[in-house]
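Quick notes on the structure that follows.
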Amino acid sequence: MSAAKNINITLKIWRQKNAKTKGGIETYKLDNVSTASSFLEMLDQLNEQLVNDRKEPVAFDHDCREGICGSCSLYINGRAHGPDTGITTCQLHMRMFNDGDTIFVEPWRSKAFPVIKDLVVDRTAFDRIQQAGGFVSVNTSGNTIDANTIPVPKHDADNAFMAAACIGCGACVATCKNGSAMLFVGAKVSQYALLPQGKVEATERVLNMVRQMDEEGFGNCTNTGACEIECPKGISLENIARMNREYLKASL
């Protein structure tokens, strides 16, 4: 890895006061940005500059800054989470950019993810889909059965864990030309469908989650595969196929 250096960049950032007002791209010059800093640290540097100039800082979502929570979801230079693969925005570093670069930063674009302010969008649609069926009803009163008493094939366990790696960031929706959430829903359905604990409520789960997904206004899947490419956790399209099979079985 090359030594860190400072670069000067031009930022084209989407600014929008609230969900009801019209937004637009505004231009900012930012100098002496360390290539060792993360993309969010660069935005912190910009906001410090804006505050010092008595201007409104840019609103953007973030929390863990460790690639776990999925909050820091930005569309950077036409790609969800920016010009790298297998990472979230907070894991993107400025060494991916060059001195003099112009960087476009936008929020997720989806009917189901309305803009709250600037780069912050409302992703509670995902929460409502989860609430519709993304859970297992288990007695936790102290009379629970040891999970290890139920044999689970390793292949199924591995696939369930891989599906459960979904952090709900919404990159799949943002990068899909149809604004589809089927990779997200497919992952949430799969992590339970593959395990015996999820079999009891399997029928209601997939029907309710797919119904809620449609009610939220997400588009349908046309198998372009962009969602899998941009997913920071590499969630496979196989989960969409599994969800479709589960839905077909539940519908019959």
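The values are calculated or read from the model by the stated rules, or taken from the named source; none is laboratory data. What you see is a predicted model; the values in this text were computed from it and never measured. Here the Cβ positions follow ideal geometry from the backbone for every residue, glycine too, while neighbour counts run over all protein chains shown. Areas reflect the complete protein model, heavy atoms only, side chains present, ligands, DNA and RNA absent. Shrake-Rupley method; radii C 1.70, N 1.55, O 1.52, S 1.80 Å.
Kindly report, to the nearest 10 Å², the accessible surface of residue 162 as traced by a 1.4 Å probe over protein heavy atoms only.
Result for residue 162: roughly 110 Å² accessible.
So how many Å³ per residue does the convex hull of the Cα atoms of the chain work out to? Intermediate values should be presented prior to the final figure.
Numbers: hull volume 40.6 nm³, N = 252.
Here the figure is 161 Å³ per residue.
Between 0 and 90 degrees, rounded to the nearest ten: what's the tilt of helix 124-133 against the longest Cα principal axis of the chain?
Tilt of helix 124-133: around 10 degrees.
Which entries of 188/233; 20/177; 20/117 show an alpha-carbon separation above 19 angstrom in the structure shown? Don't skip to the end; give the middle numbers.
Details: 188/233 13 Å; 20/177 24 Å; 20/117 10 Å.
In this structure, 20/177 lie more than 19 Å apart at Cα.
Determine the sum of side-chain charges near residue 67: Lys and Arg each +1, Asp and Glu each -1, restricted to other residues whose C-beta is under 15 angstrom from that of residue 67.
On the way: positive: 65, 233; negative: 41, 61, 63, 66, 84, 230.
With Lys, Arg at +1 and Asp, Glu at -1, the neighbours total -4.
Would you mind getting the Kirkwood hydrodynamic radius of segment 72-124 from its Cα pairs, rounded to one decimal in Å? Display every interim value, and only then the final one.
Numbers: mean 1/r = 0.0842 Å⁻¹.
Answer for segment 72-124: a Kirkwood hydrodynamic radius of 11.9 Å.
Mind ordering 10-16, 86-92, 50-56 by average Cβ neighbours within 10 Å, highest first? Mind dumping the intermediate values first?
Values: 10-16: 17.3, 86-92: 22.3, 50-56: 10.1.
Highest-to-lowest ranking by the protection proxy: 86-92, 10-16, 50-56.
For residue 241 and residue 155 in one chain, what is 0.36 nm times their gap in residues minus the Cα-Cα distance, to one decimal in nm?
Details: separation 86, 0.36 × 86 = 30.96 nm, distance 1.68 nm.
Going from the current span to full extension adds 29.3 nm.
Which cysteines does the chain leave without a neighbouring Cys Cβ under 4.7 Å?
For the chain, the answer is 166, 169, 176, 221, 231, because their Cβ atoms have no other cysteine Cβ under 4.7 Å.
Give me the dipole magnitude in Debye, nearest 20, for segment 82-214 about the Cα centre, with unit charges on the beta carbon: positive for Lys and Arg, negative for Asp and Glu.
Numbers: 12 positive and 13 negative charges, 64 e Å.
Dipole of segment 82-214, to the nearest 20 debye: 300 debye.
Quick one: if you stick a label point 7 Å off each Cα along the C-beta vector at residue 202 and residue 111, how many nm between them?
3.2
To test your reading of the geometry: what angle, between 0 and 90 degrees and rounded to tens, separates the Cα axis of helix 238-251 from the longest principal axis of the chain?
That helix lies at roughly 40 degrees to the long axis.
Around residue 13, under 11 Å between beta carbons, what's the net of Lys plus Arg minus Asp minus Glu among the other residues?
Numbers: positive: 12, 15; negative: 26, 106, 118.
That sum, taken over residues with Cβ under 11 Å, equals -1.
In degrees, nearest 10, range 0 to 90: what is the angle between the Cα axis of helix 182-193 and the longest Cα principal axis of the chain?
40
For the modelled label position 7 Å from the Cα of residue 220 along Cα-to-Cβ, which residues of segment 100-134 have backbone nitrogen atoms closer than 17 Å?
No residue passes the distance filter.
Label point 7 Å out from residue 12 along Cα-to-Cβ: which residues of segment 95-139 have amide N under 13 Å?
Residues passing the 13 Å test: 101-106.
Using R₀ = 25 Å, calculate the FRET efficiency as 1/(1 + (r/R₀)^6) where r is the Cβ-Cβ separation of residue 34 and residue 122; round to 0.05.
Numbers: r = 33 Å, r/R0 = 1.30.
That gives a FRET efficiency of 0.15.
What nm distance separates the two modelled labels at residue 68 and residue 139, each placed 7 Å from Cα along Cα→Cβ?
Each label point lies 7 Å from its Cα, and together they span 3.3 nm.
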